[in-house]
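Let me begin by presenting the structure, written as structure tokens, before commenting on it.
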Amino acid sequence: MYYLANPNRFLRLSGTVLPWCAGATVLLLIAGLALGLFVAPPDYRQGESVRIMYVHVPAAWMALLVYSSMAAASAVALIWKHPLADLTAKAAAPIGACFTFIALATGALWGQPIWNTWWVWDARLTSMLILFFLYLGYIALSNAFEDPARGARAAAILALVGFVNVPIIKFSVDWWTTLHQPASVIKIGTPSIHASMLVPLFLMALAFTGYFLTVLILRLRSEILARKIRSIQLARVQG
Amino acid sequence: MKRFFLIVRRDLRLALRQGADSMLVVAFFVLTAILFPLGVGPDPAVLARISAGVIWVTALLASMLSLERLFQADYEDGNLDLLGLAPTPMIAVVLAKCLAHWLTTGLPLMVAAPILALLLNMSAGGLATLMLAMVLGTPVLTLIGAIGAALILGARRGGVLLSLLILPLYIPVLVFGVGAVEAAVAETGARPHLQILAGLLLAALALGPWAATAALRQALE
């Protein structure tokens, strides 16, 4: 863990990882979209609109994964004062907020033809909306202080407090009887989805993970460079 | 333990001498609740249907408005630094301040709630459950709010920020608080809702002060 604590070492390593990561993302995205949009069969009840699932489900998974990794990075930052963990959590937040928004928006588009409504106040939809506001609160809090280090510490505590929402979202469909269907892929036993739909779904999930990593590395690098520029400018002003 | 009660007494005395704060919170609570009959129309059936939700939502907002004074004044005049240096554990300070805050906001809100229940045409059974639910729920609001109040110390536009941080976390209290009253009115049994509220209170009591202490420590660093 301390190997990457040196920003220069991180810049060098991430520079070599970044093109591979970006390339893999593009390939996976093309393969996943092609399989999901053209090869996979339409659902016998939902028809073609089932294809929204290939964006909706991975985006919802990513929304939870990004928040969990933010909480983990915040814990590392608070406990070990790791210099890059703060930056990682802060850089991940807007990406996670975007994934949450995509999950909510595509869910609404899917719900209109299938459930006949854009929105219902069911447990999973509501808890995802809360997650979206937790992301916004995190971003607002980390930008609310004159001293960015202070903002990062305060936001780290908030990220850990907000983590209680993640298990609630995951299990909301099991605890409450809701309109949203229960988990059909990540569960005990075999998934209740046919392989022709499962393969593009996993390809899309991998592509979204790759996209997250690529953008995260890009944001981290630009943040480190921005800090370097600032300290150079400060040194020049102080002469 | 003695120091704990000294802090509680100090905060209570400050709140009582300044006086207006507590009254303002109750006035806000009553006034916003009165807006609803004017907004949705005075039909008794409609009012009875929405009364539980209206009372809980306005109680949530009123208790949130009062959170800023939980640590802000002590932070600005430096008292919080002294409390941080004192031999009393910081978590005890946080708990004492939460207790004083609940006595000066949660309790007055509960006193005012029956009047609103009357105005909003809530049934007697619903009112009894509402009071029980508020006994369990309002301390949770204070304990969760303390985390937010500690996090925004020294931030720009703290008040607006506080609502963005705290309201999402208040939602469970709202859901089960309203659920208890509606179950009591429909006579389907409010017990499970009240038990979940009690569970929320225990969890908030165990984790809230701890998180608020961490937030205060980083604010004082």
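This table checks each residue for (1) in a loop (DSSP other than H, G, I, E, B); (2) more than 10 Å from every other protein chain (Cβ to nearest Cβ).
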residue	(1), (2)
A:MET128	no, yes
A:LEU131	no, no
A:GLY137	no, no
A:PHE145	yes, no
A:ALA149	no, no
A:ARG153	no, no
A:ILE157	no, no
A:ILE169	no, yes
A:SER172	no, yes
Within region A:72-90, track down each residue that is crowded, with 20+ Cβ neighbours inside 10 Å and either within 19 Å of A:ASN165 (Cα to Cα) or touching a Ser or Thr at 6+ places or on another chain (Cβ under 9 Å) (or both).
-> A:ALA73, A:SER74, A:ALA77, A:ALA85, A:ASP86, A:THR88, A:ALA89, A:LYS90
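One line per residue, one yes/no per condition, for (1) of a type in the set (D, E, K, R); (2) within 14 Å of chain B (Cβ to nearest Cβ); (3) over 15 Å from the mean Cα position of the chain (by Cα):
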position: A:SER49; (1), (2), (3): no, no, yes
position: A:ALA59; (1), (2), (3): no, no, no
position: A:THR88; (1), (2), (3): no, no, no
position: A:ALA92; (1), (2), (3): no, no, no
position: A:THR100; (1), (2), (3): no, yes, no
The one condition A:ASN165 fails out of (1) within 14 Å of another protein chain (Cβ to nearest Cβ); (2) at pLDDT 85 or above; (3) farther than 15 Å from A:ALA91 by Cα; (4) buried (at least 20 other Cβ atoms within 10 Å of the Cβ) is (2)
Selection from region B:151-168 of residues that are facing another protein chain (nearest Cβ under 7 Å), farther than 21 Å from A:ALA149 by Cβ and among the aliphatic types (A, V, I, L, M) | B:LEU164
Check on A:GLY15, modelled with pLDDT under 85, loosely packed, with under 14 Cβ neighbours inside 10 Å and within 23 Å of the chain's Cα centre (by Cα) | yes
Near pairs, Cβ below 9 angstrom, 6+ apart or cross-chain, from region A:73-89 (without any contact (Cβ under 8 Å) to a residue 12 or more places away in the chain) to any residue that is of a type outside the set (Gly, Ala, Ser) | none
When region B:117-144 is examined, which residues are found to be more than 14 Å from chain A (Cβ to nearest Cβ), under 12 Å from the mean Cα position of the chain (by Cα) and closer than 27 Å to B:ALA48 by Cβ?
-> B:MET134, B:VAL135, B:LEU136, B:GLY137, B:THR138, B:LEU141
Starting from residues that are surrounded by 23 or more Cβ atoms within 10 Å (Cβ to Cβ) and not small (Gly, Ala, Ser), keep the ones in region B:121-135 and report whichever is nearest to B:ALA183 (Cα to Cα).
-> B:THR129
What is the residue count in region A:211-228 for residues that are modelled with pLDDT under 90 and closer than 24 Å to A:GLY36 by Cα?
-> 0
Region A:96-125 - residue that is of a type in the set (Val, Ile, Thr) and either surrounded by fewer than 20 Cβ atoms within 10 Å (Cβ to Cβ) or touching a Lys or Arg at 6+ places or on another chain (Cβ under 6 Å) (or both) and, of those, nearest to A:TRP61 (Cα to Cα) | A:ILE102
Failed condition for B:VAL94, given (1) surrounded by fewer than 20 Cβ atoms within 10 Å (Cβ to Cβ); (2) within 16 Å of A:VAL161 (Cβ to Cβ); (3) more than 11 Å from every other protein chain (Cβ to nearest Cβ) | (1)
Kindly indicate whether any position in region B:165-177 is over 13 Å from the mean Cα position of the chain (by Cα) and farther than 14 Å from B:GLY53 by Cα.
-> yes
Could you tell me which of the residues B:SER51, B:SER22, B:SER63 is surrounded by 17 or more Cβ atoms within 10 Å (Cβ to Cβ), out of contact with any Leu (no Cβ under 6 Å at 6 or more places or on another chain) and in contact (Cβ under 8 Å) with a residue 24 or more places away in the chain?
-> B:SER22
Consider B:LEU70 against the criteria (1) under 18 Å from B:VAL135 (Cβ atoms); (2) buried (at least 17 other Cβ atoms within 10 Å of the Cβ): it satisfies all of them except one. Which criterion is unmet?
-> (1)
Among (1) more than 9 Å from chain A (Cβ to nearest Cβ); (2) buried (at least 16 other Cβ atoms within 10 Å of the Cβ); (3) at pLDDT 90 or above, the one test that B:ILE147 misses = (1)
Filter region B:58-90 for residues that are more than 19 Å from the chain's Cα centre (by Cα) and either hydroxyl-bearing (Ser, Thr, Tyr) or not in a helix (DSSP H, G or I) (or both) and give the result.
-> B:TYR75, B:ASP77, B:GLY78, B:ALA86, B:PRO87, B:THR88, B:PRO89
The one condition in (1) among the hydroxyl-bearing types (Ser, Thr, Tyr); (2) within 26 Å of B:VAL181 (Cα to Cα); (3) surrounded by fewer than 22 Cβ atoms within 10 Å (Cβ to Cβ) that B:THR88 fails to fulfil | (2)
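If I ask for residues that are facing chain A (nearest Cβ under 10 Å) and under 30 Å from B:ASP77 (Cβ atoms), which ones from region B:171-209 would you list?
Passing the criteria: B:LEU207, B:GLY208.
The values are calculated or read from the model by the stated rules, or taken from the named source; none is laboratory data. Not measured: the values here are computed from a predicted model. In this analysis, Cβ positions are derived from the backbone assuming ideal geometry, glycine residues included, and neighbour counts consider all displayed protein chains.
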